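The values are calculated or read from the model by the stated rules, or taken from the named source; none is laboratory data. The shown structure was predicted, so the numbers you read here are calculated from the model rather than taken from an experiment. We place every Cβ from the backbone using ideal geometry, glycine too, and count neighbours over all the protein chains shown. In case anyone asks, the SASA skips ligands and DNA or RNA and just uses the protein heavy atoms, side chains included. Shrake-Rupley method; radii C 1.70, N 1.55, O 1.52, S 1.80 Å.
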Amino acid sequence: MTGAEIRARFLKFFRAKGHEEVRSSSLIPGNDPTLLFTNAGMVQFKAVFQGEEMRPHKRAVTSQKCMRAGGKHNDLENVGHTARHHTFFEMLGNFSFGDYFKRDAIIFAWELLTEQYRLPKDRLWATVYEEDDEAAELWKELTGIPAERIVRLGAKDNFWQMGDTGPCGPCSEILIDQGKEVVCGRPECAVGCDCDRFLEIWNLVFMQYDRDTSGNLNPLPKPSIDTGMGLERLAAVLQGKHNNFDTDIFSPIISDICLYAKKAYGADRKTDTAIRVIADHIRSITFLLSEGLTPSNEGRGYVLRRIIRRASRYAKSLGIEEPVLYKLCDSVARSLSDTYPELLDEQERVKKMLRLEEERFNKTLEQGMSLLDVVIKNVREAGEVTIGGEELFRLYDTFGFPIDIARDVAAENGLGIDEAGFHREMEIQKTKARASWTGEEAVVAPVYKELMYRHTKTGFIGYDHLEAEAMVLAIIADGEEKDEAEAGSQCEVVLDRTPFYAESGGQIGDKGELRAEGLLATVLDTKRPFEGLCIHKVRVKKGLLKKGSLISCSVDRESRLATMRNHTSTHLLHASLRGILGEHVKQAGSYVSPERLRFDFTHFDSLGLETLEAIEDEVNGNILNNIGVTTTIMETKKAMESGVIALFGEKYGDEVRVVAVSGVSSELCGGTHVKATGDIGLCKILSEGSVASGIRRIEAVTGKEALLHLREEQRELQRISEMLKTSENPSEKLRKLLSEMKELEKALEKFKGRSAAEGSSRILDSVQEIRGIKAIAYRVDGIDPKDLRVMADNVRDRLGSGVLLLASVKDGQAAMVAMVTKDLTGQFSAGDLLRHVAAAAGGRGGGKPDIAQGGTKEIERLDKALETFYTLLNGS
């Protein structure tokens, strides 16, 4: 049975059991600061389990893309060295949201494994939490597994919890005995051993408790089920393999690697490890890049860069010197695009970005070698025989320079390396990384959760209405519900329905007013902590706002209309970018406010003026055509099949809202938009630039703001024309003035040179001889530091051999330059001399043995300080 067949059979089985098939969510978790990457099937249902989100179905089944690299769950360094570790893997899972519980979860799992996948019943084991008598009895009753194959384990192995507080519960793992041929050989080997004999296949989590802040376990009113089974591991079992990399899931990728490396898989342990690393990593790389993530030096982008560089290093260990990873993206797309079509959609962009990153790494590797040569030279000069761990880690962390290459180069030079120190530094970095990504739960006030539990929801009517009558369902202040809010106070208000748009999808929240008899309150912002719960941040200006009262809501019309113009313009801009630059362009972020729009997108190069003008012309052409903008509610699956543009990382329900500009654009979007493109008036691009590797940003204004911008540019041009005293071709007049200025600057430099020569002659007249050495300390005011340096150079050159210090006061500050001719640097240091003189003048300075600079603001102390110069030379 192939990996694709295993996945298909799992999904089909649970669909037949009344489960809704839910497509895999993005590897980049939406709105979850606690995770670097999606690392389990339950991540997209987290809010459902916590009671913060309602779904129309109570049963779900998924095949979820998962990543474990970086953060708490980090398998990166183990990949390639073991049979089971992966950075990217697929997790098969079935879920119950308050519907069935332990009995049905066990029945479903047993039926699928033994009847559909035909695993031998006599080789299957089950583990249960040591206190979960119910689960132990159900396994015996429902499956016939004998008591000796039902193993009780402690909380470390068989109790699952989402966090320190919240939903949790015992779990039960299904294992298969793979036989004595994979046993570790230890007499105590049994279930729970780290060897592969008793291999975990499936984990069933029985979510039945809610842990409070005191640590108490309170029964959940509706217990739920969360299960997870790794596709790669199950494929190995069903295909009779003891290593996941030997399954058909990896074999096409491994074949291509062997082709490029001209090496065989299975012939050499070291070679096999390198091939497995590349085969695993290229799947992670391809998926992450296809979802719009770009390599960078922080957060998720840094993890991606590390994975790319690790794979690239192993490719070089196979003798592949040229970039090769980008070619292997085709292997991933061929094997998985039927299930994940985005791999084909993004194929060309992913390959281009990956090749650029590989080429960049080749350069940094060369830099690393150069620096390692310097390190080796320094170690030898110091008479040492070992390269320090800190130096090795700096090379690794900055340039991705491999420790094994450093070891080989050191050995070639007769040196050892401090591997223990290197690993110590590595552990410090890992600790910091874990600390920075343990994350904090998104701050959701308990009062919001309480409102959700009471099914307090706000109906949004703001697509069609900017004014409405509504009832106050709740008033929140200081994190608690209140009955009223008086004039002068700020609070949060929940209404039964609202015309105010809550911040979402890059569009900021609406502002406006709430009114009633004797009441006036300003709506400062509108937020949505959970789907369906709308929070209005309010300042009461007059009267008393009461819970249960009826009020009139009024959205700030001008701000909303301006926001709508900007939001529709982002769709037009997106369409034009894709049409002119190519379909590799994907939205990577946006910000829509009444004042302006910001649009981030994937692209590799800066946009020239002509390209920007072409994009701007196309957007404004679509505005002039006054095309109707329509919104339609569609089933998510049908919408995707129709070719609409969706954003990775966004969570979509069973139904979605499609915003379409006929013949131009069709996107999934919950924002507010104009009725026709002509309502926008005008779109003016303000700037374009880079915000990250492979990510560009355009900022623009529309409507009245565009008009104001053009008017201000016209006024600025008028001011420039008046200053230049011309009404035509101010740029030509300015060009001539700049040309004349350059000529004058050249003449001035010549004059300064002559002046410096003349000045140096006067200075040389004041030369003194101290202990047989010519010395000069001289003050010449009105010269800036740059010219003072030129004058000092002149004096030194004409002096031949000697020591000098010049000072000049200009604009309330004194600059100082000290010089010592090369033949005397063994006796005197310009840096030391100037440091002492500057300190005597209440200033600071320093430099090299032959030249130093400094200064002071205490001008009155300068002359006396210059006298100390001669004292220093005398050695007194």
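Yes/no per residue for (1) surrounded by fewer than 18 Cβ atoms within 10 Å (Cβ to Cβ); (2) in contact with a Cys (Cβ under 9 Å, 6 or more places away or on another chain):
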residue	(1), (2)
Gly230	no, yes
Gly266	yes, no
His281	no, no
Gly299	yes, no
Ala311	no, no
Glu322	yes, no
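Looking for something under 19 Å from the mean Cα position of the chain (by Cα) and either at positive phi or surrounded by fewer than 17 Cβ atoms within 10 Å (Cβ to Cβ) (or both) - is there at least one such residue anywhere in the range 16-30?
yes
Quick one: would you say Ala815 is of a type outside the set (Val, Ile, Thr), part of a strand (DSSP E or B) and either farther than 19 Å from Ser761 by Cβ or more than 51 Å from the chain's Cα centre (by Cα) (or both)? Full working, then the answer.
Working: of a type outside the set (Val, Ile, Thr): yes; part of a strand (DSSP E or B): yes; either farther than 19 Å from Ser761 by Cβ or more than 51 Å from the chain's Cα centre (by Cα) (or both): yes.
Spelling it out, Ala815 is indeed of a type outside the set (Val, Ile, Thr), part of a strand (DSSP E or B) and either farther than 19 Å from Ser761 by Cβ or more than 51 Å from the chain's Cα centre (by Cα) (or both).
How about the range 331-350: which of its residues are more than 19 Å from Tyr314 (Cβ to Cβ) and assigned to a helix (DSSP H, G or I)?
Here is the first cut: in the range 331-350, the residues more than 19 Å from Tyr314 (Cβ to Cβ) are 333-350.
Once the filter is applied, which keeps residues that are more than 19 Å from Tyr314 (Cβ to Cβ) and assigned to a helix (DSSP H, G or I), the range 331-350 yields Ala333, Arg334, Ser335, Leu336, Glu342, Leu343, Leu344, Asp345, Gln347, Glu348, Arg349, Val350.
Yes/no matrix, rows are residues, columns are (1) closer than 24 Å to Leu581 by Cα; (2) β-branched (Val, Ile, Thr):
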{"site": "Thr672", "(1), (2)": "no, yes"}
{"site": "Ile680", "(1), (2)": "yes, yes"}
{"site": "Thr702", "(1), (2)": "yes, yes"}
{"site": "Glu705", "(1), (2)": "no, no"}
{"site": "Glu716", "(1), (2)": "no, no"}
{"site": "Ser721", "(1), (2)": "no, no"}
| query | How about the range 845-874: which of its residues are touching a Lys or Arg at 6+ places or on another chain (Cβ under 8 Å) and open to solvent by 60 Å² or more (accessible area, probe 1.4 Å)? | reply | Gln853, Asp863, Asn874
| query | Is at least one residue of the range 260-267 among the hydroxyl-bearing types (Ser, Thr, Tyr), touching a residue at least 24 places away in the same chain (Cβ under 8 Å) and not in a strand (DSSP E or B)? | reply | yes
| note | Flagged pairs (Cβ under 7 angstrom, 6 or more apart or on separate chains; first in the range 717-741, open to solvent by 90 Å² or more (accessible area, probe 1.4 Å); second of a type in the set (Ser, Thr, Tyr) and part of a helix (DSSP H, G or I)) are Ser727/Ser721
| remark: Only unsatisfied item for Lys363, checking (1) closer than 23 Å to Tyr314 by Cα; (2) surrounded by 13 or more Cβ atoms within 10 Å (Cβ to Cβ), is (2)
| said: Condition first: farther than 30 Å from Phe245 by Cβ, of a type in the set (A, V, I, L, M, F, W, C) and over 32 Å from the mean Cα position of the chain (by Cα). Now tell me which residues in the range 196-232 satisfy that. | reply: Phe206, Leu217, Leu220
| query | Taking the range 528-558 only, how many residues are outside any strand (DSSP E or B) and either in contact with a strand residue (DSSP E or B) (Cβ under 8 Å, 6 or more places away or on another chain) or crowded, with 18+ Cβ neighbours inside 10 Å (or both)? | reply | 5
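What number of residues within the range 698-737 are over 23 Å from Ile615 (Cβ atoms) and at pLDDT 95 or above? Explain how you work it out, then say what you get.
Restricting attention to the range 698-737, the residues satisfying the condition of being over 23 Å from Ile615 (Cβ atoms) are 715-737.
Then keep just the ones that are at pLDDT 95 or above; that gives none.
So the count comes out to 0.
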| said: Which of the numbered conditions does Val379 fail, given that it passes all the others? Conditions: (1) of a type outside the set (Gly, Ala, Ser); (2) part of a helix (DSSP H, G or I); (3) under 26 Å from Ile282 (Cα atoms). | reply: (3)
| query | Under the condition of being part of a helix (DSSP H, G or I) and among the hydroxyl-bearing types (Ser, Thr, Tyr), which residue from the range 851-871 is nearest to Ala814 (Cα to Cα)? | reply | Thr868
| request: Scan (1) modelled with pLDDT under 85; (2) open to solvent by 80 Å² or more (accessible area, probe 1.4 Å); (3) over 58 Å from the mean Cα position of the chain (by Cα) for the single condition Leu748 breaks and write down its number. | output: (3)
| said: Among (1) of a type in the set (Val, Ile, Thr); (2) in contact (Cβ under 8 Å) with a residue 40 or more places away in the chain; (3) open to solvent by 30 Å² or more (accessible area, probe 1.4 Å), there is one condition Val79 misses while meeting the rest; what is its number? | reply: (3)
| query | Are any residues in the range 339-357 touching a Pro at 6+ places or on another chain (Cβ under 8 Å) and surrounded by fewer than 19 Cβ atoms within 10 Å (Cβ to Cβ), and if so, which ones? | reply | Arg355
| With Lys725, Lys704 as the choices, which residue is charged (D, E, K, R) and touching a Gly at 6+ places or on another chain (Cβ under 9 Å)? | Lys704
| request: Please state which of the following conditions Glu322 fails to meet, knowing it meets all the rest: (1) assigned to a loop (DSSP other than H, G, I, E, B); (2) in contact with a Lys or Arg (Cβ under 7 Å, 6 or more places away or on another chain). | output: (2)
| query | Hey, does the range 605-614 have a residue that's open to solvent by less than 40 Å² (accessible area, probe 1.4 Å), modelled with pLDDT of 95 or more and in contact with a Phe, Trp or Tyr (Cβ under 9 Å, 6 or more places away or on another chain)? | reply | no
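From the list Ser317, Ser335, Ser370, pick out the single residue that is open to solvent by less than 60 Å² (accessible area, probe 1.4 Å) and among the hydroxyl-bearing types (Ser, Thr, Tyr). Working first, answer last.
Working: Ser317 fails: open to solvent by less than 60 Å² (accessible area, probe 1.4 Å); Ser370 fails: open to solvent by less than 60 Å² (accessible area, probe 1.4 Å).
After ruling out the rest, the residue left standing is Ser335.
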| remark: Looking across the range 627-642 at residues that are within 32 Å of the chain's Cα centre (by Cα) and open to solvent by less than 40 Å² (accessible area, probe 1.4 Å), the single one that is farthest from Ser25 (Cα to Cα) is Ala639
| query | Going through the range 268-299 one residue at a time, which ones are part of a loop (DSSP other than H, G, I, E, B) and either within 17 Å of Ile320 (Cβ to Cβ) or among the polar types (S, T, N, Q) (or both)? | reply | Asp268, Thr294, Ser296, Asn297
| task | Pick out the one residue from Gly98, Gly93, Gly144 that is open to solvent by 50 Å² or more (accessible area, probe 1.4 Å) and not basic (Lys, Arg). | result | Gly144
| task | Any chance you could count how many residues in the range 237-254 are in a helix (DSSP H, G or I) and in contact (Cβ under 8 Å) with a residue 60 or more places away in the chain? | result | 6
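I'm trying to understand the selection: among the residues of the range 670-699, which are assigned to a loop (DSSP other than H, G, I, E, B), within 25 Å of Glu358 (Cβ to Cβ) and open to solvent by 30 Å² or more (accessible area, probe 1.4 Å)? Talk me through it step by step, then tell me what you get.
Here is the first cut: in the range 670-699, the ones assigned to a loop (DSSP other than H, G, I, E, B) are 670-675, 681-682, 693-694.
Retained after the next criterion (residues that are within 25 Å of Glu358 (Cβ to Cβ)): 693-694.
Answer for the range 670-699, where residues must be assigned to a loop (DSSP other than H, G, I, E, B), within 25 Å of Glu358 (Cβ to Cβ) and open to solvent by 30 Å² or more (accessible area, probe 1.4 Å): just Ser693.
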| Of the residues in the range 161-196, how many are open to solvent by 50 Å² or more (accessible area, probe 1.4 Å) and either in contact with a helix residue (DSSP H, G or I) (Cβ under 8 Å, 6 or more places away or on another chain) or not hydroxyl-bearing (Ser, Thr, Tyr) (or both)? | 12
| task | Would you please list the contacts, defined by Cβ atoms under 9 Å and residues six or more apart or on different chains, that run from a residue in the range 543-555 that is over 24 Å from Asp464 (Cβ atoms) to a residue that is among the polar types (S, T, N, Q) and open to solvent by less than 70 Å² (accessible area, probe 1.4 Å)? | result | Leu545/Ser489
| request: Among the residues of the range 551-565, write down those that are more than 14 Å from Asp510 (Cα to Cα) and of a type in the set (S, T, N, Q). | output: Ser552
